[in-house]
Amino acid sequence: MVLTVSDVTKTLPQSGLERPILDRVSLHLEAGKSLALTGESGSGKSTLLHLVGALDGFDSGEIRVDGTSLSVLDDSGRAALRRSSISIVFQQFNLIPSLNVSANISLQAKLAKRYDPDWEDQLAQRLGLAQLLARYPEQLSGGQQQRVAIARSLAMRPKLLLADEPTGSLDEETGNAVLALMLDLVAESNTALFLVTHSPTIASALDRRLHLSTGGLT
Ligand SMILES: Nc1ncnc2c1ncn2[C@@H]1O[C@H](COP(=O)(O)OP(=O)(O)O)[C@@H](O)[C@H]1O
Ligand SMILES: [Mg+2]
C-alpha cells in the first residue's frame, strides 16, 4: 500500500472556535492506482491533500506513505520523504519563478537523484512543452504553467502523486486530454495518484472515487 489514512482528524480555528475540518477520515491507495476525491468547496479536500503530502500536521489518527508513518517524522524526515517519494501538483502550480521550464521540471528529480533526461524529454513532448523549455514561468499562460507543474510532478517518478484540481486552469477539452495523458504516465511509472477534482467526469476516469462532505468520507 503506498498510502493509508486511518481515522485522521484535523481541527482548525474558525471565528475563534476550533472546528473539525476532517473527522475520522480513512482511505487507502495501492501502487499504480488512482483515487479521485470530490466534495463541495470548503469540505476539506485541499486540507486532506496537504496532510497526506506531509505539509501539515493533524490531531489524531495515522497517515502512512510508502510504509512510513508521518507522525513519527520530524521536519527533516518529512522533507526527506517528500523529496524521495511524493510529488504534488498544487492548485496554484507553485513553479519557481527564477528557474526556466526545463529547470523547474528537473529540479525535484535531481534532488531525488532520479533525474532521467530521456524521461524529461518524453514528458515535455507529450505535454506539449518542448518549445517552451527555455522560458520562465511568468512568460507562460496559466494552462502552460499547469502542464509544467504536471511534468515536474512526474519527472522523479514519485511513489505517490498528489494533485489538487490539476486541470482546473485548462478548458474542458484540453483538460480531458491532459488528464488522459496523466493517467497514462502514472500507469507507466506505477505511481499512485490521489487527485482532487470537482468534476464528476474527471472523477469517473479514475480507478476509485471518494466524496468528502462536512468532514467525513462517503
Ligand atoms: N489555515 C487555515 N486556517 C483556518 N481555516 C482553514 C485553513 N485552511 C483551510 N481552512 C478552512 O478549512 C475548510 C476546508 O478548506 P479546504 O481544505 O481548502 O477545502 P476545499 O479544498 O475542499 O475547498 C474551509 O472551511 C476553510 O475555510
Ligand atoms: Mg481546495
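The values are calculated or read from the model by the stated rules, or taken from the named source; none is laboratory data. Just so it is clear, the model here is predicted, and its values are computed rather than measured. Cβ coordinates were reconstructed from backbone atoms using ideal geometry, including for glycine residues, and neighbour counts include every protein chain displayed. To get the accessible areas, we keep the full protein, side chains included, count just its heavy atoms, and leave off ligands, DNA and RNA. Shrake-Rupley method; radii C 1.70, N 1.55, O 1.52, S 1.80 Å.
Of note:
- Centroid-to-centroid separation of segment 1-34 and segment 49-85 [C-alpha atoms, Å]: 12
- Tail fraction, Cα-Cα pairs, segment 147-218, threshold 16 Å, whole percent: 47
- For the options R147, R157, R126, a Gaussian network treatment of the chain with springs between C-alpha atoms closer than 10 Å singles out R126 as fluctuating the most.
- Fraction of accessible area attributable to carbon and sulfur, the chain (%, probe 1.4 Å): 48
- Unit charges at the beta carbon, dipole of the chain: most positive-side option, A103, G128, P13: A103
- The share of C-alpha pairs in segment 1-142 whose separation exceeds 20 Å stands at 58 percent.
- For the chain, the longest principal axis of the C-alpha atoms and the axis of helix 142-155 are separated by about 80°.
- Here the scattering of segment 61-218 is modelled by Debye summation over its C-alpha atoms, one equal scatterer each and no solvent; at q = 0.12 Å⁻¹ the log10 of I(q)/I(0) is -0.53.
- Using alpha-carbon coordinates, inclination of helix 75-85 to the longest axis of the chain, degrees: 50
- Overall, segment 1-117 carries a charge dipole of about 420 debye about its Cα centre when +1 sits on the Cβ of Lys and Arg and -1 on the Cβ of Asp and Glu, all other atoms neutral.
- Cα-centred dipole magnitude for segment 95-218, charges only on beta-carbon of K, R (+1) and D, E (-1), debye, nearest 20: 440
- Evaluated at q = 0.16, 0.19, 0.25, 0.35 Å⁻¹: base-10 log I(q)/I(0), Debye formula over Cα of segment 145-186: -0.36, -0.51, -0.88, -1.43
- Calculated accessible area for segment 62-189 comes out at 46 Å² per residue, all protein chains present (probe 1.4 Å; ligands, DNA, RNA ignored).
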